[in-house]
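The next block holds one structure in the form of structure tokens; read it before the comments.
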Amino acid sequence: MLDSIRVIMVLEATGSKELLANYLKSQIEHITHVDTMVDALSTVKRQRFDVAILSNDLEDYYSIENMIKILNDIGSIDDILLVSEKELPPDSPVISLENQMEAHVRILRELEKFSLHTGAKPLRKRATKGGSLANTSLFDSVPSGLYRIKPTGEFVELNQTLANIFKAPSIEVMESDNYFSMFVDQEELKTWQEIIERDENIHGLVFEVERYDGQTIWIRDTVRTVYNEDEEVCFYDGSAEDISAQKRLEDKLAFLATQDILTGLPNRNFFHDQAKLTVSQARYSDDLVAFLVIDIDHFTTINENHGFKMGDKVLQIVASRVKAQLRKSDLVSRLGSDKFIVLLNGIRMRRDALAVAKKIQTAFATPFELPNTTIEVSASLGISLYPEHGDDINTLIKRAEIATYAVKDRERGGYMIYSDILYNDENPSQDEV
């Protein structure tokens, strides 16, 4: 029964969760185990899963609520089981692993119920609006939209699938139209025409078209040129596939790959790419580029005293306040955990970076209003400069972090510029501000 479903486990490889993972691997044929949400996103992108078993205790960049939302949004997952190593009330929807045997049995039962429910779905009727498939031509029954057009774009022939893709009132209406008029972007049409003229074929070109109901969709087009006896272009024969759902998924995955879902800021990957471009441009403009690492002070204590949800709220407020202190041309990203990083371009002097650092500190002057409480939050800030402190992005980030550690060691809530004498055997020394 369980060999008909595909399961992904997002569990830390510790304690009773490791035992659970090993047990389920022995019971289920199609099962995958990852221990971080980042790995889960990457795996769900590549493979199809029916059920996810998710650790309710997982401490990641994403809250459990966001993890569930992401898995539901980008995958084929129909059901999510939450498990925890903590003791929970009997009526909790989260499965406690305190009693391993009981938990294992409960999880298997849930998976079996899902498998039975999935297997009980009625078969789709093998018919079309026009009747049974037996009365439909092969040309109309294939799942791809097929067409033949003149070199000027007028339709010569098309199948019902293509008419359905474009929401055409009928094949006759669409046959009286012009394929090229359906392109949303004329530059994409120009590319289509250039490729077919140069190569005589098009293999999987993706572009946007407008349907008859006014909605735009994404098409993947494959085309070949048909010649007459005089070697003149006679027709273009093509097959079109609606890939709008796939495109939305790819766009969402691309967004998740470059954005921090909690704060809405760009993540470290996006920052690294932008910083590389900015430094490259600064080589020619003779400008300075500043890297400012912001590390929230005592963030672990905030989580311990107020809970992880309040910690997440603090990170969201920090992101909003810091962004409000910067120019539109500046970039602020979440570096990871409780760290943020700012990229300043087009500055001429060191004092410009210090002025921005001082301005950022004002973002922490006002207490943070949280649900049912108000807390004081401060942050330490370290600065590195291109080209003074290097031209490699990772080096510049690391040196800004070193300056941040030195600030924390000396007096939290301040800021300083990196110096080679800051660390001696990893012990902070005097700053050079």
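The values are calculated or read from the model by the stated rules, or taken from the named source; none is laboratory data. No experiment lies behind these values; they were computed from the predicted model shown. Here Cβ is always computed from backbone atoms with ideal geometry, including for glycine, and neighbour counts include all displayed protein chains.
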How many residues of the range 156-204 are in contact (Cβ under 8 Å) with a residue 40 or more places away in the chain and part of a loop (DSSP other than H, G, I, E, B)? The answer is 4
Just one listed residue, out of GLU65, GLU98, GLU87, GLU29, is within 30 Å of LYS339 (Cβ to Cβ) and either free of Cβ contacts under 8 Å to residues at least 24 places away in the same chain or not hydrophobic (A, V, I, L, M, F, W, C) (or both), and it is GLU65
Within the range 1-43, of all residues that are part of a helix (DSSP H, G or I) and touching a Ser or Thr at 6+ places or on another chain (Cβ under 8 Å), the one surrounded by the most Cβ atoms within 10 Å (Cβ to Cβ) is LYS17
Flagged pairs (Cβ under 6 angstrom, 6 or more apart or on separate chains; first in the range 408-429, farther than 25 Å from VAL289 by Cβ; second at pLDDT 90 or above and assigned to a strand (DSSP E or B)) are ARG412/SER380
Here the residues within the range 158-174 that are over 15 Å from ASP221 (Cα atoms) and among the β-branched types (Val, Ile, Thr) are ILE171, VAL173
Condition set under 16 Å from VAL318 (Cα atoms) and surrounded by fewer than 20 Cβ atoms within 10 Å (Cβ to Cβ), scope the range 378-413, selection modelled with the lowest pLDDT: answer is GLY413
Taking LEU370 as the residue in question, decide whether it is assigned by TED's automatic domain parsing to the domain that holds LYS408 and either of a type in the set (Gly, Ala, Ser) or more than 20 Å from ASP330 (Cα to Cα) (or both).
yes
Note: among LEU265, LEU256, LEU249, just one is under 30 Å from MET37 (Cβ atoms), at pLDDT 90 or above and within 22 Å of the chain's Cα centre (by Cα), namely LEU265
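Here's the yes/no breakdown for (1) at pLDDT 80 or above; (2) part of a loop (DSSP other than H, G, I, E, B); (3) of a type in the set (Gly, Ala, Ser):
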{"site": "VAL83", "(1), (2), (3)": "yes, no, no"}
{"site": "PRO90", "(1), (2), (3)": "no, yes, no"}
{"site": "MET101", "(1), (2), (3)": "yes, no, no"}
{"site": "LYS113", "(1), (2), (3)": "yes, no, no"}
{"site": "LEU116", "(1), (2), (3)": "no, no, no"}
{"site": "PRO122", "(1), (2), (3)": "no, yes, no"}
Checking PHE255, PHE207, PHE270, PHE308 in turn, the sole residue that is over 27 Å from LEU370 (Cβ atoms) and touching a residue at least 60 places away in the same chain (Cβ under 8 Å) turns out to be PHE270
Query - So SER239, is it touching a residue at least 40 places away in the same chain (Cβ under 8 Å), closer than 30 Å to LYS45 by Cα and of a type in the set (Ser, Thr, Tyr) - result: yes
(message) Condition (residue is modelled with pLDDT of 85 or more and of a type in the set (Val, Ile, Thr)) applied to the range 32-45: is it met by at least one residue?
(response) yes
Check your understanding: Is it true that THR366 is assigned to a helix (DSSP H, G or I) and of a type in the set (S, T, N, Q)?
Key -> no
If you go through THR216, THR258, THR225, the only one that is of a type outside the set (A, V, I, L, M), touching a Phe, Trp or Tyr at 6+ places or on another chain (Cβ under 9 Å) and more than 30 Å from LEU335 (Cα to Cα) is THR225
